[in-house]
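Take a look at the structure below.
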Amino acid sequence: MLSAGLLATALLVPTASAAQRCGPEVRVPGAVHQESACLTDLTTTGTLASGHTVQADWAGLTPADLPAPDPVPGVQVDGYFPDTSTTNDHHGWDHDAQFVLRLPERWNGGLVVTGTPGNRRQYANDRAIADHVLAAGYAFAATDKGNTGADFHTDGRRPGDAVVEWNHRVTELAVAAKLAVRQHYGRPPAQTLAAGLSNGGYLVRWQLENRPWLYDGGIDWEGTLWTQRDNLLTFLPTALRAHPEGDEQALLAAGFAPGSHFLWEYHHQVYWDLTQRIYREEFDPGYDGDQVAGFPFCRSGTPHCDADYDYASRPEEVHRAVERVALTGRIGKPLITLHGTLDTLLPISRSSDVYAAMVAEAGRGHLHRYHRIEGGNHTDGLVDEFPGLRPLAPHFQAAFDEMRDWLRR
C-alpha cells in the first residue's frame, strides 16, 4: 500500500515550508561537489531559459509536438560523485559521475531515478521523462552513468568495466537521492521508481534484478538486452554485411521487422555502424588489434571489419566480459516494458520479446507487464521525419499511471 502522500497524487498539495527548503542547504550524500538553485520552472521550458539543462543531451529523442507541461517550481541540485574519468565536460567540470536532482515544491511523495540512454550525459532524460514526472509531482534524479560519449569504452581497466560502472552509478544515485529527498521534504519517498529508455531501460532491468530493495517498481522503454545468445553484437554485424549488398532476407532473418525497410538506410548511416564498433570495443577490444573501435563503414572481407564480427566464435574472455553485465529475467519488483514493433536499432524480436520470455521462464511473470507498441521505433526522434511511425512517449507517460495503480493493489 502507498502512503497517504502518494495516494493523494492528484491533489499535489505543496509541502509545508517549501520556500524555506528551496535553497542550497539540500545535501546529496556522497557528492564531492554540488550546486543548488531555486527555479521557477524545473521543466525544460524553464531550464532551457535559465541554463539548467543542455538541449544537446536530449535532442532527437522526442517528437517535436510532445506537449510541454505547465511550470513546476522547485530546487535543482547539480553535482558529481567521486570518479577518475573525465568524459563529461558539462559545467566545465571535466568530471564523470555527474548527476542532476530536481525537487518540486508540490511533491507527490514519489521519486524517479534514471540513467541516460545511449552514451548521453545527465540531462538526456529531461524532455522524455523529467518533464512528465515533475509535472506529476515526482522528484527526479539522473546520472551520466560514469562515462559518456563515443569513447566511453576507454573508461576502466578491463573489458566490460564501463558498462559495469553504469549499474553502480544508478545504485549510487538511488541511495543518495532517497536520502536527499528525505532531508528536503522531511520524510522518505513513499514510492521509488526506476525509469529509462534504451541503455537506460537496460539499467532499469538490471536494478530490479540485482537491487530490488531500492525500488518499488520500474518502467523500461526498449531496454538494451545483454545475454550470451541475444545482444547487439549478434545481429548488428549481419545488418552491416547485408544492407550494402541489398540482402533483405538476411536482415529479416537477423530479426529486423518486416515493414521496417524504410528505416534501414537511416539506421545504417547513423546507428548500426557506430553502435557495433564502440560496444564491440568495450567487450572485445582485441578483435581489431591496436585499432580503436574498428574501421567505420568497412565492407565485408576487409581485415578486422566489424561487418564480419562473429560473437559466438570469440574467445572465452569476451563472453565473460558480457556475462558481467548480463540480464537474467529474475526481477524482484514490478516492471512495465514498452517496445516498438519497428525498432530498427534493437529489433523487438531480439530484445524485449526475448526479455519477456526470460522473465516468464524465471517465474517472475506476475511482476512483468509487456506492451508491444505497433509502429513504434527505438526513440521518437524519427517520428517527425518518417510519417507513419507511432511515438512511444505517450505510452511511456501512461505507464507511470499504470504503475501507480498497479502498486496500489
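Pull up all non-local amide H partners of Arg27: gap of 5 or more, or a different chain, and H-to-H distance under 5 Å with H placed in the peptide plane.
HN-HN under 5 Å from Arg27: empty list.
How big is the chain on each of its three principal axes, counting only the C-alpha atoms and giving the largest first in Å?
For the chain, the Cα extents along the three principal axes come out at 67, 41, 40 Å.
Could the peptides 255-263, 352-360 be put in order, highest first, of the mean number of other beta-carbon atoms found within 10 Å of their residues? Don't jump to the answer; show the numbers that get you there.
Working: 255-263: 16.9, 352-360: 20.2.
Those peptides, ordered most packed to least, come out 352-360, 255-263.
With n ≥ 4 as the cut-off for DSSP H runs, can you work out [θ] at 222 nm for the chain, using -39500 (n - 2.57) per run divided by the number of residues, rounded to the nearest 500?
Values: 14 runs with 126 residues, N = 409.
So the calculated ellipticity at 222 nm is -8500 deg cm²/dmol.
With charges set only on the Cβ (+1 for Lys and Arg, -1 for Asp and Glu), what does the dipole of the range 99-181 come to about its Cα centre, in debye to the nearest 20? Write down the numbers at each step before the final one.
Values: 10 positive and 9 negative charges, 17 e Å.
Charge dipole of the range 99-181: 80 debye, to the nearest 20.
May I ask you to give the solvent-accessible area per residue for the range 37-106, in square angstrom, as obtained with a 1.4 angstrom probe? Each step should come with its number before you reach the end.
Values: 2830 Å² over 70 residues.
Here the residues of the range 37-106 average 40 Å² of exposed surface.
Per residue, what accessible area does the range 129-261 have, given a 1.4 Å probe and all protein chains present, in Å²? Each step should come with its number before you reach the end.
Values: 3920 Å² over 133 residues.
That works out to 30 Å² for each residue.
Please turn the phi angles of the range 205-212 into ³J(HN,Hα) values with the Karplus equation 6.51 cos²θ - 1.76 cosθ + 1.60 (θ = phi - 60°), one per residue in order, whole Hz, x for glycine and proline.
Once θ is set to phi - 60°, the couplings for the range 205-212 become 4, 4, 4, 6, 7, 10, 9, x Hz.
In sequence order, what are the phi-derived ³J(HN,Hα) couplings for the range 180-188 according to the Karplus relation 6.51 cos²θ - 1.76 cosθ + 1.60 with θ = phi - 60°, rounded to whole Hz, with x for glycine and proline?
With the stated coefficients, the range 180-188 comes to 5, 4, 4, 5, 5, 9, x, 7, x Hz.
Counting only heavy atoms of the protein chains, get the accessible area per residue of the range 297-409 (1.4 Å probe) and round it to a whole Å² value. Don't skip to the answer; put the middle values down first.
Values: 4790 Å² over 113 residues.
So the range 297-409 comes to 42 Å² accessible per residue, rounded to a whole number.
About the Cα centre of the range 143-258, what is the dipole size in debye to 20, counting +1 per Lys and Arg Cβ and -1 per Asp and Glu Cβ, all else neutral? Before the final figure, lay out each step's value.
Values: 11 positive and 14 negative charges, 130 e Å.
In debye, rounded to 20, the range 143-258 gives about 620.
Most mobile of Gly375, Gly186, Gly332 per a Gaussian network model of the chain (Cα springs, under 10 Å)?
Gly186
What residues have an amide H closer than 5 Å to that of Val112, excluding those fewer than 5 places away on the same chain, when H is modeled at 1.01 Å from N in the peptide plane?
For Val112, the qualifying residues are Ala139, Phe140, Ala141, Leu193.
Just by accessible area at a 1.4 angstrom probe, what is the order of Ser300, Ser36, Ser351 from largest to smallest?
Values: Ser300 70, Ser36 40, Ser351 0 Å².
The ordering from most to least exposed comes out as Ser300, Ser36, Ser351.
Say the dipole of the range 345-406 comes from +1 at the beta carbon of Lys and Arg and -1 at that of Asp and Glu; which of Ala362, Ile348, Pro394 then lies farthest toward its positive end?
Toward the positive end, the furthest listed residue is Ala362.
For Ala49, what is the net charge nearby, where nearby means another residue's Cβ is under 15 Å from its Cβ and Lys, Arg count +1, Asp, Glu -1?
Numbers: positive: Arg127; negative: Asp41, Asp70, Asp126, Asp131.
That sum, taken over residues with Cβ under 15 Å, equals -3.
When the Karplus curve 6.51 cos²θ - 1.76 cosθ + 1.60 is applied with θ = phi - 60°, which whole-Hz ³J(HN,Hα) does each residue of the range 45-54 get, with x for Gly and Pro?
So the J values, rounded to whole Hz, are 4, x, 6, 5, 5, 8, x, 9, 8, 10.
Could you work out the equivalent-ellipsoid semi-axes for the range 271-409, taking the square root of 5 times each eigenvalue of the Cα gyration tensor, largest first, in whole Å? Don't skip to the answer; put the middle values down first.
Working: eigenvalues 223, 94, 24 Å².
Three semi-axes, in Å: 33, 22, 11.
Quote to one decimal, in nm, the extra length available between Arg27 and Asp65 on full extension: 0.36 nm per residue of separation minus the C-alpha distance between them. Write out the running numbers ahead of the final one.
On the way: separation 38, 0.36 × 38 = 13.68 nm, distance 3.62 nm.
So the extension gain works out to 10.1 nm.
Of the accessible area of the range 187-286, with the probe set at 1.4 angstrom, what percent is carbon plus sulfur?
Values: 1560 of 2950 Å².
The value for the range 187-286 is 53 percent carbon and sulfur by accessible area.
The values are calculated or read from the model by the stated rules, or taken from the named source; none is laboratory data. Every value quoted in this text rests on a predicted model; they were computed, and no experiment measured them. Using ideal geometry, Cβ is built from the backbone for each residue, glycine included, and neighbour counts are taken over all protein chains shown. Quick note on the areas: whole protein, heavy atoms, side chains included, nothing else; ligands and nucleic acids left out. Shrake-Rupley method; radii C 1.70, N 1.55, O 1.52, S 1.80 Å.
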